[in-house]
1. Could you grab me the full set of residues in region 60-98 that are surrounded by 13 or more Cβ atoms within 10 Å (Cβ to Cβ), out of contact with any His (no Cβ under 8 Å at 6 or more places or on another chain) and over 30 Å from L212 (Cβ atoms)?
2. What are the residues in region 205-236 that are assigned to a loop (DSSP other than H, G, I, E, B), within 47 Å of the chain's Cα centre (by Cα), at negative phi and not acidic (D, E), if any?
3. How many residues are of a type in the set (S, T, Y) and either touching a Phe, Trp or Tyr at 6+ places or on another chain (Cβ under 8 Å) or at pLDDT 85 or above (or both) when one looks only at region 500-535?
4. Quick one: I489 ticks every box in (1) surrounded by fewer than 19 Cβ atoms within 10 Å (Cβ to Cβ); (2) farther than 15 Å from F441 by Cβ; (3) touching a strand residue (DSSP E or B) at 6+ places or on another chain (Cβ under 9 Å) bar one, so which box is it?
5. Can you say whether C259 is within 31 Å of the chain's Cα centre (by Cα) and surrounded by 14 or more Cβ atoms within 10 Å (Cβ to Cβ), as far as the supplied structure shows?
6. Please note which helices (runs of 4 or more DSSP H) are completely contained in region 434-518 and include at least 1 residues that are over 58 Å from the mean Cα position of the chain (by Cα).
7. Could you list all residues from region 281-323 that are surrounded by 11 or more Cβ atoms within 10 Å (Cβ to Cβ), polar (S, T, N, Q), more than 31 Å from the chain's Cα centre (by Cα) and within 21 Å of K12 (Cα to Cα)?
8. Would you say D106 is touching a Gly at 6+ places or on another chain (Cβ under 9 Å), within 14 Å of T136 (Cβ to Cβ), not aromatic (F, W, Y) and not in a loop (DSSP other than H, G, I, E, B)?
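The values are calculated or read from the model by the stated rules, or taken from the named source; none is laboratory data. All of these numbers come straight from a predicted model, not from anything done at the bench. Every residue, glycine as well, gets a Cβ built from its backbone with ideal geometry; the counts of neighbours run over all protein chains shown. Note: accessible area is taken over every heavy atom of the protein model, side chains too, but ligands, DNA and RNA are not part of it. Shrake-Rupley method; radii C 1.70, N 1.55, O 1.52, S 1.80 Å.
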Amino acid sequence: MKKLLQSFKNLKFRYKLTLLVLAAGLLPVGIIVVYMQSGMMDLLHKNEVDNLEKSLQQSVKAIENQGQIYENLVDYLSYSQDLREILTMEPQSDYDTYKEYVDVADPLLQMPQLYHREIREITLYAETIEVPHGNTLMPLDRAKEQEWYAQLDGGSLMQWTVTRGADQEITASRKFYNGDDITAVLSMSLDYKSVLEPFTNILLDNTGGIILDADGTVVYSGYSMDEEYRPAKSESLEYIQKNYTCSIQEMEGTGWTFCMYRPTEIITRSAFALLIRNIPLVGVCIVLLVLLGYIFSRRTVSCLERLTENMNQIHLGFRKVTVSSNSNDEVGVLIRSFRRMMEQMNHLISEVYEAKIRLQNSEMKALQAQINPHFLYNSLSIINWKALEAGEDEISKVTLALSTYYRTSLNKGETMTTVENELNNIRAYLKIQLVMHDNSFSVIEKVSLDNDALQIRIPKLILQPFVENAIDHGLDLSEKEEKRLTIGIREEADALIFEISDNGAGMEQEKAQEILTYQSPGYGVRNVCDRIRVLYGEAGSVYVESAEGKGTKVTIRIPKRAEKRME
């Protein structure tokens, strides 16, 4: 996560803005898509449930109407005076009984089968019937042998009994009452498939159904489904309700419960099909968001990018502002503020730094003008010859060193010199200092430069002020017997490193750093630091290290590049 955040931070502002615009656009699009999909799922589910309820209601109503017809028929037969007379008659002979059965009972009990194909047979069981008459009239003892007889309760309402398995059948039965004694039972045998046909016919296209009686016993269970959607427990209403979308309705009169169900996955699949159809539209929206976001970010950030590029050019030394804006937004205000700031900075640079350079050059030229080089060199030459004539070799050496020192110092008015000339200058200066100090200290040179490096041009007189400080404030104040002054010059990849170190009295590091500041009383040291800063900026540097009793070390870093010529 941290790497991802860091990668986002490192992105260009244009791409950040594009991503933010894309995110800002995708968020509402995503919310709308989720909301629409959720609403679509709810709507499809509601429509599916409504369709199931309507279909189930129609089928249950059809079965109820049929059941009402059967109940009316049974009621009609139960209250038929002709049948009651047959049950209560006292026959004179078997022939009279048979004739009464054929003429009265058979038409009444067999005629409904002609008009209702689902009626298999209608049978009347009575105590007064001793001998069975076909399938229409039976002794009451025969009824007690039937499975449905045990389910008859003590009331006079019609009872519905279902037999499943190989002998599928639905039986509607009712008890006859004569006072308080049960005298007869009327049963109607119905075709199982025909009665339930209005319900089973709608179980198509991955739809299933289950019917339970008032006791919770399964009357019917079936489905027409692909294998992947088939229920594992097709006769468990609890399982069906938990895993499928269902509609439940109770049938009046029978107390049966009808349940019609469909797989929820089919509804979900329909919603996803609609979603897939909308994916191209969502994709087009995303592409438009990316394009518009990139164009918007590019137009917004272009001024900032030009401003950044201009700042980089200024960092490299190009002090001209090339970017501009006439807009009144925050970017336009920033650009105009930057332009004003650079104008003020250029003005200050012109007034301060350039004036200071001119001042330094004027001071240098004034110092050089005070000395007539030809007169000085001639005078020193005469002193040298006079010393040789008098046999004063020491005076001759000092005179030659002084002549070399001033020749390299004045350098025909030039402010730049070579490393070789600067090295010769400091050698001449140290020869004079050794004579003045009776050789009280030793000088060690550590110069590791080739001929090309010795010809590199550097500001002149950058070593002498530090060597002078090392002698006057370091070695002269030290009480050590062996005093050393070390001059070192080495070359790095892009710079020359000059080091002046001594083992003199030293000082605190805080005080050593003050030598390089404007609070320092030493004019020569300040002059060297200023010239290096003006010529090389941050690429050039002077650093002082010191410790009390251990000595001082000055390190000067001069970059190896074309110097700015000081007029």
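1. S80, D82, L83, R84, I86, L87, M89, P91, T97
2. Restricting attention to region 205-236, the residues satisfying the condition of being assigned to a loop (DSSP other than H, G, I, E, B) are 205-206, 213-217, 225-226, 230-236.
When the remaining residues are screened for being within 47 Å of the chain's Cα centre (by Cα), the result is 205-206, 225-226, 230-234, 236.
Remaining after also requiring at negative phi: 225-226, 230-234, 236.
Matches in region 205-236: M225, R230, P231, A232, K233, S234, S236.
3. In the first step, residues of region 500-535 are kept if they are of a type in the set (S, T, Y); the result is 501, 517-518, 520, 523.
When the remaining residues are screened for being either touching a Phe, Trp or Tyr at 6+ places or on another chain (Cβ under 8 Å) or at pLDDT 85 or above (or both), the result is 501.
So the answer is 1.
4. (1)
5. Numbers: within 31 Å of the chain's Cα centre (by Cα): no; surrounded by 14 or more Cβ atoms within 10 Å (Cβ to Cβ): yes.
Considered against the rule, which asks whether it is within 31 Å of the chain's Cα centre (by Cα) and surrounded by 14 or more Cβ atoms within 10 Å (Cβ to Cβ), C259 comes out as no.
6. Working: elements: 451-454, 464-469, 509-514.
Answer list for region 434-518: 451-454, 464-469.
7. Those that are surrounded by 11 or more Cβ atoms within 10 Å (Cβ to Cβ), polar (S, T, N, Q), more than 31 Å from the chain's Cα centre (by Cα) and within 21 Å of K12 (Cα to Cα): N310, Q313.
8. Numbers: touching a Gly at 6+ places or on another chain (Cβ under 9 Å): yes; within 14 Å of T136 (Cβ to Cβ): yes; not aromatic (F, W, Y): yes; not in a loop (DSSP other than H, G, I, E, B): yes.
Yes.
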